[in-house]
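J.: Encoded as structure tokens, here's the structure I'll be asking about.
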Amino acid sequence: MINHIVLNGHLIAERIKTALRQELARLSSPPTLGILYFQSPASEVYKAAQLQQAASLGIRTVEEPVPVSAPQAQVEGIIQRWNDEPTIHGIFVHQPMPPQIDPQRVSAAIDPRKDIEGIHPQNSARRFFAKARIGSCTALAVMELIESTGVDLAGKEAVVVGHSEIVGRPVSMLLLDKLATTTICHLGTDKAGRLEEHVRRAEILVVAVGRPQLIKGAWIKPGAIVIDVGINLVKGRVVGDVEFEAAKKRAAFISPVPGGVGPVTVMMVMKNTIEAYKLQRDSR
Ligand code: NAP
């Protein structure tokens, strides 16, 4: 019999928060997180969630809002200032970035020891060799949700839909680290009309695209773990990329949107800030 459990991201985030409080109590002073964001309603919502969790844990924050028209040099200038400032331990630059900004140059500008999203080339390389101490907050959140099910991933068929640098690719690497047999799908898969066939055999399905209803409920393999990363605004409601109600009837575990990956991702930002603090302390 299949259980059909809806994974509660808020509860999982609270569990992680309890462990983080204990870690913070062992530090000689609280870490500080620098948040650089392009002023938009979506960024304001995400930033507010980050500030709230940081404040409740006693992590200090510094904010630097920039207009969506900000040039590359302005963004890199702020990063350089924070790199040189020993009282700033973590740097988080909100994504997506506006079109005039080259995100790879931004990633490379961040001191790798302060890189909360694990996007600096050095951190990407460490992830490739399964040696990263700091990784993509969203990818780590996806893994927390999957691990909360208690299912052993070794040898399972995992399918990741979406191959962005910030979500799809890092999730795929983390699933590989757990010895899941991992397939990565993307626009090419969909255009070739082959998305359904891959999704249908997924025992672990992670979807990170940003297209509402892309994944039909009927495609879900009975008993699968389904993690929906997508955030879409449809008629004033936030929804994911998966047809939730239909998928829920077939999945053993499914994450909702909102209330699934999102709250855990914010907690991973806090976890990585603590990790960055320790990295800098240990390399002094
Ligand atoms: P992204 O950079 O736009 O990447 C989207 C990915 O989806 C790309 O790899 C793209 O492939 C692929 N794709 C596009 N159309 C597709 C289709 N029809 N079939 C299969 N794949 C397709 O977005 P992202 O940053 O990874 O974010 C993905 C979603 O997750 C967004 O809705 C975002 O808001 C959400 N998100 C949520 C959180 C959270 O904490 N909950 C965090 C980050 C992101 P190509 O490159 O080949 O076109």
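J.: Considering only residues that are assigned to a helix (DSSP H, G or I) and of a type outside the set (Lys, Arg), look in the range 163-173 and name the one that is surrounded by the most Cβ atoms within 10 Å (Cβ to Cβ). First the steps, then the outcome.
T.: The initial filter retains those residues of the range 163-173 that are assigned to a helix (DSSP H, G or I), namely 168-173.
Of the ones still in play, those that are also of a type outside the set (Lys, Arg) are 168, 170-173.
Working: GLY168: 24, PRO170: 27, VAL171: 30, SER172: 21, MET173: 19.
Among those residues, the one meeting the criterion is VAL171.
J.: If you don't mind, there's one more thing I want to ask. Given the structure, is PRO30 open to solvent by 50 Å² or more (accessible area, probe 1.4 Å) and on the phi < 0 side of the Ramachandran plot?
T.: Spelling it out, it is not the case that PRO30 is open to solvent by 50 Å² or more (accessible area, probe 1.4 Å) and on the phi < 0 side of the Ramachandran plot.
J.: Identify, from the list LYS249, LYS221, LYS216, the residue that is buried (at least 16 other Cβ atoms within 10 Å of the Cβ), of a type outside the set (A, V, I, L, M, F, W, C) and touching a helix residue (DSSP H, G or I) at 6+ places or on another chain (Cβ under 8 Å).
T.: Going through LYS249, LYS221, LYS216 in turn, the sole match is LYS221.
J.: Looking only at residues that are of a type in the set (Gly, Ala, Ser) and open to solvent by less than 20 Å² (accessible area, probe 1.4 Å) in the range 35-82, which one is farthest from ASP111 (Cα to Cα)? So that I can check it myself, show each step before the final result.
T.: Residues of the range 35-82 that are of a type in the set (Gly, Ala, Ser), as a first pass: 40, 42-43, 48-49, 54-56, 58, 69-70, 73, 77.
Those still in the list that are open to solvent by less than 20 Å² (accessible area, probe 1.4 Å) too: 43, 54, 70.
Values: SER43: 23, ALA54: 21, ALA70: 21 Å.
Result: SER43.
J.: Also, I was wondering about something else. Looking at (1) without any contact (Cβ under 8 Å) to a residue 12 or more places away in the chain; (2) open to solvent by 50 Å² or more (accessible area, probe 1.4 Å), which one does VAL6 not meet, given that it meets all the others?
T.: Looking at each condition in turn, VAL6 falls short on (1).
J.: Go through LYS191, LYS271 for me and flag whichever is in contact (Cβ under 8 Å) with a residue 60 or more places away in the chain, out of contact with any strand residue (DSSP E or B) (no Cβ under 6 Å at 6 or more places or on another chain) and open to solvent by 40 Å² or more (accessible area, probe 1.4 Å).
T.: LYS271
The values are calculated or read from the model by the stated rules, or taken from the named source; none is laboratory data. Just so we're clear, the structure is a prediction, and the values are computed from it rather than from any experiment. All Cβ positions, even for glycine, are placed from backbone atoms using ideal geometry, and neighbour counts span all protein chains on display. Areas reflect the complete protein model, heavy atoms only, side chains present, ligands, DNA and RNA absent. Shrake-Rupley method; radii C 1.70, N 1.55, O 1.52, S 1.80 Å.
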